[in-house]
Amino acid sequence: MSKLIIGNQKMYMNREDVISFVEMLKTVSCDDVIVCPSFPYLEYYKDVVKVGAQNVSTADNGAYTGEVSSSQLQSLNVPYCIVGHSERREYQKETDEEINQKINKLLEKNITPILCIGEKMEERQNKSTETVIKRELDADLKGLSTETVEKIIIAYEPIWAIGTGLTPTSEEIDDAMQFIKNYLKERLNVMNITVLYGGSVSEKNVDELNTIASIDGYLIGGASSKPDAFKYIIASQSK
């Protein structure tokens, strides 16, 4: 079964890049592909592929310069949105409480949250990976029912692997995938959850990653802004 592919294009691309990228997408099957571009480019992709936003506000509306609300995303028919990415946790100092609020705002508008969780290098070295995953899942999903959690996509992204070219071993990734699924099953009786892997996924390692059965898909960063690399990753699902 092919894996779900989500591209987080971050702030890499300008208008000309986006236009070229859209033309590439027209040449491949995008049934299991979601692209999360910068806000100005959402409309460029919508006729070709499913789209997601990279962030959402905790507020419904009002004087919040630079923010985008869940109702605004809904009005644009944007069906997905990333929340809790490690870059926002670090640079914008987002807390788990805020991430929980954002998840609730999205769910109220029938937008699927793509929740990012993962440990730092020192936390892995201290063998705290499972502790971090538990903490973030407990806080980010606080107050949500089993049925509601099953609507969310989880993206496990070890922070030390994002943009570094480093990836955990296949065994380490499988352990994390299985732990997340088992923990949600034990804690919330969640029987059906999509868990993605993210962290330096590229055309160079995707074939090996595809062999890990517990991975339901990928949240791809840098490679999702490179047409040839992203096209290869999409094509790899048909091998």
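We did not get these values from a lab; they are worked out from the coordinates using the rules stated. Being a predicted model, the structure only gives us computed values, none of them experimental. Reconstructed Cβ throughout: ideal geometry from the backbone, glycine too, with neighbour counts over all protein chains shown.
Sparse packing (at most 10 other Cβ atoms within 10 Å of the Cβ) combined with a DSSP loop state is found for the following trypsin sites (Lys or Arg not before Pro) in the stretch 73-161: 93, 127. Taking amide H positions as modeled 1.01 Å from N, with prolines and chain starts lacking one, the residues under 5 Å from residue 220 and 5 or more places away or on another chain are 6, 7, 8. Taking other Cβ atoms within 10 Å as a rough exposure proxy, 208, 94, 203 sort from fewest to most as 208, 203, 94.
Placing a label point 7 Å from the Cα of residue 91 along the Cα-to-Cβ line, the residues of the stretch 148-189 whose backbone N sits under 13 Å from it are 163. For the options 112, 129, 27, a Gaussian network treatment of the chain with springs between C-alpha atoms closer than 10 Å singles out 27 as fluctuating the most.
Please give the net charge around residue 226, taking every other residue with its beta carbon less than 10 angstrom from that of residue 226, where Lys and Arg add +1 and Asp and Glu add -1. Counting the neighbours of residue 226, the net charge comes to -2. For the chain, the convex hull spanned by the alpha carbon atoms encloses 120 Å³ per residue. DSSP assigns beta bridges within the chain; of those with both partners inside it, close to 0 percent run antiparallel. Computed about its Cα centre, the charge dipole of the chain is approximately 260 debye, with only Lys, Arg, Asp and Glu carrying charge at their Cβ. Taking a Cβ cut-off of under 10 Å around residue 138, the surrounding Lys, Arg, Asp and Glu residues balance to a net charge of +1, with basic ones at +1 and acidic ones at -1.
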